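The values are calculated or read from the model by the stated rules, or taken from the named source; none is laboratory data. All values derive from a computational prediction rather than experimental measurement. FYI the Cβ positions are ideal-geometry reconstructions off the backbone, even for glycines, and counts take in every protein chain you see. Keep in mind that these areas ignore ligands, DNA and RNA; they rest on the heavy atoms of the full protein, side chains included. Shrake-Rupley method; radii C 1.70, N 1.55, O 1.52, S 1.80 Å.
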Amino acid sequence: MSTIVATLRTDRDRRLRPALTVLLAAAVAVGAPFYFAPFQVFQLTMVLVYAVALTGLNLLVGFGGQISLGHGAFFAAGAYTAAVMLDRYGTGHLATLPVAAAGCFLLGLGFGVPALRLRGLYLALVTLSFAVFLPPLLKRLEPVTGGSMGLTVEKLQPPAWSGLAADQWTYFVVLTVTAVALLLGRNLLRSRVGRALRAMRDNEGAAEVMGVRLSLHKTLAFAWSAMFAGVAGCLYTWVIGFVSPDSFSFVLSITLLAGLVVGGLGSLYGPLLGGAFVMYVPSVSQDLSEAAPGVVFGLLIIVVMFVAPTGLAGLPGRVLGAVTRRLPRTTTAVPDRTPEAVSAPDTESTSQAVSAPDAEPKPEAPSERSAIRTPADPAVADAEPVGAPPRTEKE
């Protein structure tokens, strides 16, 4: 009975801790825009935007085991879809979100076809080529995309009943979309698709033997990943209010992949930490060295990877494991090796021997004196004297 109660308490604690963590994070996220300056609220909003993009990239790389260096192209596709709809057709901001998500999902399905036959570095080069040729293509389509000058659109405006500033309203809208995206990614990973992606990442041959359709799930991994990137690009247009081809170079794709690795591959909280890395580290690098911010950015990535090889999401577990391994060494009692402790008699054993009268005496070892037999002993009365001649049979 006690075992069952202990098990129930353990399960309750396991469910209660994540719920408390989520509630605490939600409280901090809701109260943040009321305590920071407008520019800092803008930075937090961009962290959420990058977190949505990294959630999709985490599905593909962290859980699907594939690699993509062209995620910035899907990001750009979603951003330009929203910008063209707002500028050319005058639609509302919320109407651009499902269109950008659906368009990038279809684009990911078509781009997932090369993933069926390519893997590793070959797949990375193909995806990188997509990120390289998209900005020049956007410049060529000047009647639609605005060419090199880009497009300027209206930002989100708060309604009168909200009583919020423009930056605060934008933050809460992006926070809502980010929460829905994270919840969708979490449920997707816990479904049959997520289990198939993990099996495919660990061993494709074993996954195929178990009935996983590799072609289907590889294509779906690209599609879902592109959809999240398109949603992030749409949010980017809402926040910035301006898009241009130079904002979506192949450097963005590499930065997103680096942010995911630093945040933590295969972790549900890694995209949030990676989004913070993508947003804040370049600005910190620019402040530290205006001449070579890229060098500082690279050095910071090396330092983070040296301290936390599994990403920032796995750093608390590594620290806790290191502390746990060191605890037994520090708490083990070290015996006293001083001369006084070595020469001191064992008083406890002596007192126990004196205070136990009913204990049976230990047999003493025969000494040399007890081993000598005397003539007075009746058992040796007929013994021959020492030095006497040996007796014969007649005697």
For peptides 53-65, 82-94, 23-35, sequence by mean Cβ density within 10 Å, most packed first: 53-65, 82-94, 23-35
Sequence order, the stretch 57-73: Karplus ³J(HN,Hα) from phi using 6.51 cos²θ - 1.76 cosθ + 1.60, θ = phi - 60°, Hz rounded, Gly and Pro as x, gives 5, 5, 4, 7, 8, x, 10, x, x, 9, 10, 9, 10, x, 5, x, 5
Over all directions, average the projected area of the Cα convex hull of the stretch 89-236 and note it in nm². 11.2
May I ask you to derive the FRET efficiency for residue 22 and residue 142 from their Cβ-Cβ distance with R0 = 45 Å, giving the value to the nearest 0.05? 0.45
For the peptides 255-261, 192-198, 293-299, what is the packing order when you average, over each peptide's residues, the other Cβ atoms within 10 Å and list the highest mean first? 255-261, 192-198, 293-299
Quick one: accessible area per residue over the stretch 176-237, 1.4 Å probe, rounded to a whole number of Å²? 46
Report residue 208's accessible area, 1.4 Å probe, all protein chains in place, as a number in Å² to the nearest 10. 120
Accessible area of residue 67 in the full protein assembly, 1.4 Å probe (Å², nearest 10): 50
Tell me, in nm to one decimal, what length is gained between residue 118 and residue 184 on full extension, where the rule is 0.36 nm per residue of separation less the Cα-Cα distance? 21.0 nm
If you count only protein heavy atoms and use a 1.4 Å probe, how large is the accessible surface of residue 215, to the nearest 10 Å²? 60
With label points set 7 Å from each Cα along the Cα-to-Cβ direction at residue 202 and residue 126, the distance between them in nm comes to 2.6
Relative frequency of Cα-Cα separations exceeding 17 Å in the stretch 239-333, percent: 61
